[in-house]
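Everything on this sheet refers to the single structure shown next.
The values are calculated or read from the model by the stated rules, or taken from the named source; none is laboratory data. Quick caveat, the model's predicted, so the values are computed rather than measured. No Cβ is skipped: glycine too gets one built from the backbone with ideal geometry, and neighbour counts run over all protein chains shown.
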Amino acid sequence: MTRPAESRQYAAAGVDLADAESAKERIGRLVASTRTALTAGRVGAFGGMVRVPTGMRAPILVMSTDGVGTKVLVAQQAGRYDTVGECLVNHSVNDILVHGARPLAFMDYIAGAGLGIEVLADIVEGVARGCRAHGMDLAGGETAQMPGLYAPGHFDLAGTIVGVVEESEALHGDAVRPGDLLLGYASTGLHTNGYTLARKIATENLGLGVDDDVPGLGQTVAAAFLAVHRSYARAVTPVLGGVHALAHITGGGIPGNLVRVLPAGCEAVVESGSWNWPPLFRLLQEAGKVSTAEMRDVFNLGAGMIAVLPAAAVPAAQAAAAADGVDTWMMGHVRAGPQGVRFDG
């Protein structure tokens, strides 16, 4: 359909309503592909709707909002946009998983300038793929073209997740006790944190572009930096009843996130020699001359999730992780002491 002159002026100013309508149609099909038995309402409505599962005694909704940080700049430079959407979903699933919640619905928000239909569709395709993998409804979202606020081709990506858990089964960390063990779950790389420092080291210290090979990795920068943030839902959900706490290792690293699930009087002792950092993290440390303390504060160092659990629950937890192809290792214990995280070695 022909747009009126006012709309053509809007396009000249940087917002093309015809492109926006076309993008909505394609995104609508992706949203529809995620509908579940709990989905209510219509695709394209002003608000997304999802039913609370029946049969629950005291359902608690668990919500989280997050983004993928400057990982979007790597996607932009590489011209590959589908993985950041999946990363956003998986990151969010992990954030509510630590409370024992299963995902119900997700909503995304893409803001930028000069984003073509293909770029928007690729981003949402990643979001939809992540939602389908978790049986979760992509209940809606927003794409906002804001020239003047964003440089042409630049964008930010964020999302909100809603999950549910029985109130009596929710994890808060209050069950953690001295004598509990720490079980580490392997990450798939940087996940969605530390990219500002990682990009600086790659470009300024190593002189690499996104299409260059990373020394010693056998991968390009784009492949290594855009690896999808792992979801731990399938690896952890089967054994949630035996876990005292879970920590998703995101911004703040192991010390900044593990401490969030420790009650007063409990100190987590992480055995530094219990696992080998993946080569990417060693390269970033050496090339950037980053101290070990700062590496621990910025990156996950190969441990994307940590479970705090009694010794008797460890075999089942490791078996569940192995069934999903996730490597695990014993990485420390909890002892009586000041609330905090200590590295041994």
- Message: Regarding the range 43-52, can at least one residue be identified that is within 29 Å of the chain's Cα centre (by Cα), modelled with pLDDT of 95 or more and surrounded by fewer than 14 Cβ atoms within 10 Å (Cβ to Cβ)?
- Response: no
- Message: Tell me yes or no: at least one residue of the range 187-199 is outside the structural domain of Ala322 (by TED's automatic domain parsing) and either under 30 Å from Glu286 (Cβ atoms) or not in a helix (DSSP H, G or I) (or both).
- Response: no
- Residue hits (the range 291-345; of a type in the set (S, T, N, Q), without any contact (Cβ under 8 Å) to a residue 60 or more places away in the chain and assigned to a helix (DSSP H, G or I)) are Thr292
- Query: Does Ala268 fit the bill of being small (Gly, Ala, Ser), within 19 Å of Ala186 (Cα to Cα) and under 17 Å from the mean Cα position of the chain (by Cα)?
  - Reply: no
- Message: I'm trying to understand the selection: among the residues of the range 73-126, which are more than 27 Å from Arg234 (Cβ to Cβ), part of a helix (DSSP H, G or I) and modelled with pLDDT of 95 or more?
- Response: Leu73, Gln76, Gln77, Ala78
- Give me the pairs: first residue in the range 127-140 and assigned by TED's automatic domain parsing to the domain that holds Gly48, second residue among the acidic types (Asp, Glu) and part of a helix (DSSP H, G or I), beta-carbon distance under 6 Å, and six or more apart or on different chains, which are they? Arg129/Glu86; Gly130/Glu86
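Being of a type in the set (Asp, Glu) and part of a helix (DSSP H, G or I) is the filter; apply it to the range 164-184 and report the residue that is surrounded by the most Cβ atoms within 10 Å (Cβ to Cβ).
As a first pass, look at the range 164-184 and keep what is of a type in the set (Asp, Glu): 166-167, 169, 174, 180.
Adding the requirement that they be part of a helix (DSSP H, G or I) leaves 167, 169.
Details: Glu167: 10, Glu169: 15.
Selected residue: Glu169.
Quick check, is Ser64 of a type in the set (Ser, Thr, Tyr), modelled with pLDDT of 90 or more and in a helix (DSSP H, G or I)?
no
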- Query: Restricting attention to the range 242-262, which residues are closer than 12 Å to Val176 by Cα and either β-branched (Val, Ile, Thr) or assigned to a loop (DSSP other than H, G, I, E, B) (or both)?
  - Reply: Val243, His244, Val259, Val261, Leu262
- Message: Of the conditions (1) among the β-branched types (Val, Ile, Thr); (2) touching a helix residue (DSSP H, G or I) at 6+ places or on another chain (Cβ under 6 Å); (3) within 26 Å of Gly273 (Cα to Cα), Thr188 satisfies every one except a single condition; which number is it?
- Response: (2)
- Item | Hits in the range 200-215 (condition: assigned to a helix (DSSP H, G or I) and under 25 Å from the mean Cα position of the chain (by Cα)) | Lys200, Ile201, Ala202, Thr203
- For Ile117, which of the numbered conditions (1) crowded, with 16+ Cβ neighbours inside 10 Å; (2) of a type outside the set (Phe, Trp, Tyr); (3) within 24 Å of Asn94 (Cβ to Cβ); (4) in contact with a Ser or Thr (Cβ under 6 Å, 6 or more places away or on another chain) fails to hold? (3)
